[in-house]
Structure formats: C-alpha cells, structure tokens
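Single-structure report; data block below.
The values are calculated or read from the model by the stated rules, or taken from the named source; none is laboratory data. Just so it is clear, the model here is predicted, and its values are computed rather than measured. Ideal geometry is used to build each Cβ from the backbone, glycine not excepted, and the neighbour counts take in all protein chains shown.
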Amino acid sequence: MTGGRELVMVSNRLPVDRVVNEDGSTSWRTSPGGLVTAVEPIVEQLGCLWVGWAGSADERVDPFEIGSMRLAPVELSEEDVELYYEGFSNGTLWPLYHDVIAQPEYHREWWDRYRQVNRRFAERVAQEAAEDAIVWVHDYQLQLVPALLRQLRPDLTIAFFLHIPFPPSRLFAQLPWRKRIVEGLLGADVIGFQQVTDAVAFRMTAERFTRAPALGNTVVVPATADRPSRTVLAQEFPISIDAAAFAAVAERPEVRRRAQEIREELGNPKTLMLGIDRLDYTKGIRHRLKAYNELLADGEIDAADIVFVQVATPSRERVEAYRQLRDEVEVTVGRINGEHGAIGRAPLVYLHRGYQRDEMVALYLAADVLLVTPLRDGMNLVAKEYAACRVDEQGVLVLSEFAGAADELRDALLVNPHDIEGLKAAIVRAAHMPKEEQRRRMHSLRRAVHHNDVSHWAAGYLGAVQAAAESRQVGPSGERTEPIQVGASFVPRSIDDRVRRLAALPGLIVATDFDGTLAPIVPRPQDARILPRAQQALDVLAASQGTSVALLTGRSLEGLAETGLSIDAWIVSGSHGSELVGIDAGSGAPGGSGAEGGGLTEDEERRLDWLARRFARVLGDEAGVRLEHKPFGLAVHTREVPDREQAVELLAAAVELGATAGMHVREGKEVREFSVRAADKGSVLRRIRDVLPPGPVLFLGDDVTDEDVFTTLGPDDLGIKVGPGGTAASERVPDPETAAAVLALLAELRTGIVVGSE
Ligand code: GDG
C-alpha cells in the first residue's frame, strides 16, 4: 500500500500505555481509543515508525520497539501538556470542531504553545523519517505539522487524517488563527475527513481564508515566487474497524460465556441496555441519562425489567469541562439509582474505567440495546463494533444522526439526542423490538460494516496517498522523473523526450482542455483566465506549418467567451463535444448533421423543454438544488443540499426523468449533466482527426471527462494528465503552469520562437 516507502505515523499520543507488571517491572501495551482501534491492523501489516508523546510529562523516553512498530517519543513538559494539549487542543479546537457544544476558549499563550509543540513534532519526524517516506499525521492536535514538515523535508509525501468533524466555515471563522491552521493543513498532499460534509466544509474554508480555490475534491494552492502551485486532495474517507477480527473475538466460547455471565451478574434483566463512551461531553451521555430517568419516572419502563450499563472510559480528566461533566454524570447516576433502585438491584450500572477488548466484546454480546447518542461525533467506532460483534444478528443499535457512522448505518434506530421525547420513544421501541425486525436491521448493519471495513478504508486512503506520492516524483509509466526547467516551471524528463519527438513530425494536432489545464481553477468560473504563456504558445503553434490547435472543453462556447479567451485559428469544441467551431466536421456528427455550433433540432428542443419543465417542478423547490441550463442540455447540482441522503435521492430522481426524456447522462461529483447529444470529448476528437491530415495528437487535460480522450489515444500520441487522480494518460504534470511549460517547449522546438515565462 505504500509502494515500498517507509510509513511514518504521527499522533499526539503514541499508541501504547505503560503498564506496571506484577513483579514491579514496566512494559508497554497498546492503548484503547478510536485512533488505535482503527489503524492498528494496518500498522501490524505494514510496520511503521510512530512518532508521538509517550504519555507522561517531563519524562525522556528512549525509542523502543513493539512488534512491527518502532516508536520515537516526543517529550512534552508539564506546561506543554497544560497549554498545547489540555488548552489549545481540548479547550479550543475540540469544542470548536464539535459544533461548539461547549464554549471554546481562545488564549494566545495556548496558541503559541500549540505552534511550538507542532514544530517539535515536525522536527522529530524530519529527523527520523527515511527518504521519500510517507508520513501520516493524525488529528486536530497536529494541524500545523504538514506545512512545517514540507518546509523541512520536501521529499516526503504527507498525508493528514482528521478523526473529528471539520466545522462549518461560519464556526471556524471564530478561530483567531484560522488562516494559519488552514495553511498548516494545506502542507499535506492528501487530507482525509470522516464525512463528505467535513471535506466540503474544509474546501470552502480554504477558499474563504487562504484564497486557495477548490476544484472537485481538491484544493489548489496557488504558486508563490519560490514554488509552483500544488494540488491537495481533500476528501472524505470514512474510517472503520477490523470487522472480521471483532467477529472472531465474538465467536470465541469464553467470550460468549462471559457475556452470559454478565447478564447473570446483573440479575438476568429482560432488557440489558449498554453505553460505551469516553467520558466526553460530545457523547450525549447526559441526554441519554435524562431520557432513561424520565422513562423510569413515567413508568414507561419498569426498573425491575431493565438494567442500563454505562461504561465511561476516563478521559482528559484535568480539563475543567470534563471534570464538571464527570461530577454531573455521577450525581445523576446516584439520583437515578436512589429513586428507582431497590436493595440488590440498581437500574443503572456506571463504570468509570477502561476494559480489555475481550470484556468489551462480551458486553456488546450481552447487550440487547446499545445507545450511541453523541451530539456530534466524527465517526463513532463503538457503533460499528457492536454490529461487527453481533454474529447472532440480534440486538438493537440506537444511533444519533449526528455521528458520522449514521451515514453508513442507516438501519439503526436513528435519533436526534436533543429531542428527549424522540430518544425515549426509540429506547422503548428498541426494548420491545421483535426478533425478526432485529435480525433484519442487524443483518443490514453488519453488511455495511463488513463492506467498509478497515482494510477497505485503508486501501482507499493509502491508495490516494500513494497516487499523490507517485504524481509528485514519478511519471505514470513508472520511471523516476528528474525535473528540468523551462522558463519558470519544470517539464519532467520523460515528457521532454516525447515532446522533442513530436515536435519533429510533419503533421501535429495539439488538443487541450481549458479549466484546470490552461487556466488555473478559480472559485467563479467566469473569472478563469488562460495563463499568458499557454495562450502565447498555442498561438505560435496554431500559426505554424502542419500544426492544428484544438480546444475541447465542457463549457459552453458562451461560457468560454466570458473568459476573454482569444481563439483565432483554433478549433473549439464546447459542451463536452456538443458544440464545434473552427472546422467543418459536420458529417457523421452525433444527433444529426450540421447542428454543431448552430443550434438544436426541433426534436432536441422539445425534449429539452420537457425535461426543463419537469426538473423545475420536481426539483425546483428543493433546498440547495441548482439547475444549470446548457446549450445542449441541463445540469442538476446538489452540492449545496444539506442532507446527503436526500441529495442522492434527488440525483436518482433526476436520472430517471432524464432517461424518460431520452437524454444522455454524464455523472460528476454531486452533479448529473443531461445532454440531448451523445457526444463526449473523445468522440469529438475522433471527428476532428477524421477531417484533418493524419498526424499524432498531444492532449492535455485534468478532468474526468478528459479521460474519454486519453482512452482514444494511440501509441504515437501523447496524453498528459494535469494534476492528481487516476488516469489513462501516459504522462502527468502537476499543474497548469507546467502544462504551459510543456506547450512552450513544443512551440519553441517546432518554430524556434521562445515563449517567455511571463
Ligand atoms: C475519535 C473520534 C472517531 C473505549 N473504551 C475502551 C475502549 N474503547 C475503544 C472503543 C472504540 C474506541 O475506543 C472509541 O472510539 P470512538 O469512535 O467511539 O470515539 P473517540 O475516542 O472519540 O474517537 C471518533 C474515532 O476517533 C476514530 O476516527 O470515530 O468520532 O471522536 O474502538 O472500543 N477499548 C478498550 N477498553 C476501553 O475501556 N479496549
């Protein structure tokens, strides 16, 4: 998964705790917590260097090894812990990123220490990491590390994963150091988030505070005087668990026996309800206790029939908000047992301690109902673990819709934990759910967890990181590319060789996409401008003997004109091939001859009208849906629809309507484009080639729709993908500046005219 590169994990805490053995000696064992549970199986498989704090302040711990991990401790002083960890990480960022459930505090001395400690982590990694290593930085405590590390070690590929939600831009805006945090994160090549909403929020935030435009799932970091622009993948990769390993523990006879024993020790209640959380105010423990208390008080559930076991693993005990929470919870527990318990019977068993994995699994197996009611949670692995363990397909999961896991676990009883009446109703329903319904729901939950298990997650995330590593240093054909400089940007050596060969041939077609290829991506499409160097190079080429220049864009020709592009002597195809000017390629045109550039046929117009009216009626009033009219079709955008599930349904409805109207549909992220003509860039290039004298093609493109061209290219042609992402192109350049450098090189070799870097 890492292409032979060393994997370096970086997290605030090393994934181990020191334990004192019976003979008084000390040793290390892996510690509980979401991060460890998720990445442990990957690390076991790949081995790694892990950089982090060993857990005790003012103590120097020498590097050590456990299994396939080499651990490199970073030292933190008592004051570092107070200001960087308890202060900025858990008193500022944690509440801010969890929808300000608690009030974040903003203190300059906390921030200063956060910066210092992040620098210390970056320096430690820079010292320890092997050349070309892949460094994977974890979580909100270390958001400045990616940019610091990039400065210190440009050879590294840097990935960041945020385990907690990323806040909406309007909340993030509160942070006095918001721009610095975004810049810190943008030092990474890949930034992973738990949910689509987190990734979207980050991309919008990056645009807003650093003016780095978002392009699809990426953010383009603009060039500066001393470095070219870079593309950062900022995308959701919902984390998961090793479902098969949990299921295997759940199958073990001694664990099953223990589950039975737990029920017996609790007096064999009709319903055993369970909660397992770090004792954290985001987890909604107070809300579920309130609901439980009211149900007992109202007599809706009988204290003789039910026991609720709440495991609250100690957490951040020196942070004031956590102390308060503990006090409140413990007072409530006492009150509930005092009011509703009897001698030898407590309706609420509260356990403020951690357990071994086997005991946790036994608890999952013993529980008829699991309550997971966070007010906000990046994912919540406890919910996934419960499903993975229930090999008997029994048990009911009550799950907050504000947990990331709710996106995948749709067959849980979804609740809004703020709605105490709704929560009460869900608890009663769960306690009385017929076995058959339990089976059906649990079956579906288990399928979801097994489908996206930790190896699926790791393959997706590390696959993206690996692709980023390769696109930075190696051409898609596998060879190392020593960059050579032309003007201000670098043309990789393998491309340079092939461009030299193309330049010497008598006939040549230079074809290219526009947005993201000739023009850097900007927030508003009408503001896009071709790089002057690309314009000059293409003009020189278009005027030279035996060379044709063709622009193939998804924009309509009208949309292209808004950019002020000068297209004299160019062939231009708009709307993904539905419009074509600058060449007489009428014969064989899809959807009828002679229509390109001219307009719609009567039939096309009728179908398009019908669809436009249907869309207006069915989708027009849906919040967040945007309908875009194109010369040969319509596009439905759902990026702004607040509810993801609803967005998916709306797109499905649009596709059905489109099919009824006989439209051709093109899928994009959060968009479906419907066209009356079955054209794509690949077919339009074929038509152009049919008309022009034979010759090889150089094609440059950055978008998924450009893949239709790359796949039509032959061995004598040259396809160059601009930016990251999977591609059928044989070569890759990182950004439009380098694409312009390639065109300038070709122009110079073909005509002798030097196209400057300005
Ligand atoms: C963060 C995000 C995201 C808990 N107590 C014990 C124990 N655990 C294990 C659970 C589970 C993990 O810890 C808790 O993970 P969660 O996902 O529920 O929550 P956070 O700790 O807040 O984790 C969260 C996660 O990162 C991963 O990205 O899902 O949203 O907040 O695996 O089983 N394990 C053992 N003893 C305990 O007492 N052995």
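Observations, loosely collected:
- Residue within region 356-374 that is free of Cβ contacts under 8 Å to residues at least 60 places away in the same chain and under 22 Å from Asp305 (Cβ atoms) present: no
- Of the numbered criteria (1) in contact (Cβ under 8 Å) with a residue 12 or more places away in the chain; (2) of a type in the set (S, T, N, Q); (3) surrounded by fewer than 19 Cβ atoms within 10 Å (Cβ to Cβ), the one Ser89 fails is (3).
- Segments classed as helices (runs of 4 or more DSSP H), wholly inside region 160-269, with at least 1 members that are among the hydroxyl-bearing types (Ser, Thr, Tyr): 169-172, 196-210
- Residue match in region 274-286 (condition: in a helix (DSSP H, G or I), surrounded by 13 or more Cβ atoms within 10 Å (Cβ to Cβ) and among the charged types (D, E, K, R)): yes
- Residue in region 406-423 that is within 14 Å of the ligand (Cβ to nearest atom), over 21 Å from Ala303 (Cα atoms), in contact (Cβ under 8 Å) with a residue 60 or more places away in the chain and in contact with a His (Cβ under 9 Å, 6 or more places away or on another chain) present: yes
- Selected residue [surrounded by fewer than 23 Cβ atoms within 10 Å (Cβ to Cβ) and among the small types (Gly, Ala, Ser)] from Gly701, Gly725: Gly725
- Criterion violated by Leu148 - all others in (1) of a type in the set (A, V, I, L, M); (2) touching a residue at least 40 places away in the same chain (Cβ under 8 Å); (3) in a helix (DSSP H, G or I); (4) under 19 Å from Thr210 (Cα atoms) satisfied: (2)
- Within region 392-404, not a single residue is under 19 Å from Trp457 (Cβ atoms), among the hydroxyl-bearing types (Ser, Thr, Tyr) and modelled with pLDDT of 95 or more.
- Enumeration of residues in region 338-358 that are out of contact with any helix residue (DSSP H, G or I) (no Cβ under 9 Å at 6 or more places or on another chain), within 16 Å of the ligand (Cβ to nearest atom) and among the charged types (D, E, K, R): Arg353
- For region 359-400, the set of residues classified as within 20 Å of Ser240 (Cα to Cα), among the charged types (D, E, K, R) and more than 10 Å from the ligand (Cβ to nearest atom) consists of Arg390, Glu393, listed by residue number.
- Conditions (1) within 16 Å of the ligand (Cβ to nearest atom); (2) surrounded by fewer than 16 Cβ atoms within 10 Å (Cβ to Cβ); (3) within 26 Å of Asn416 (Cβ to Cβ): number failed by Arg335: (1)
- Tally, over region 113-142, of residues that are within 16 Å of the ligand (Cβ to nearest atom) and not in a helix (DSSP H, G or I): 4
- Meets criteria (crowded, with 19+ Cβ neighbours inside 10 Å, within 16 Å of the ligand (Cβ to nearest atom) and part of a strand (DSSP E or B)) for Val10: yes
- Test: residue in region 27-39 that is within 16 Å of the ligand (Cβ to nearest atom), touching a strand residue (DSSP E or B) at 6+ places or on another chain (Cβ under 6 Å), at pLDDT below 85 and part of a strand (DSSP E or B): yes
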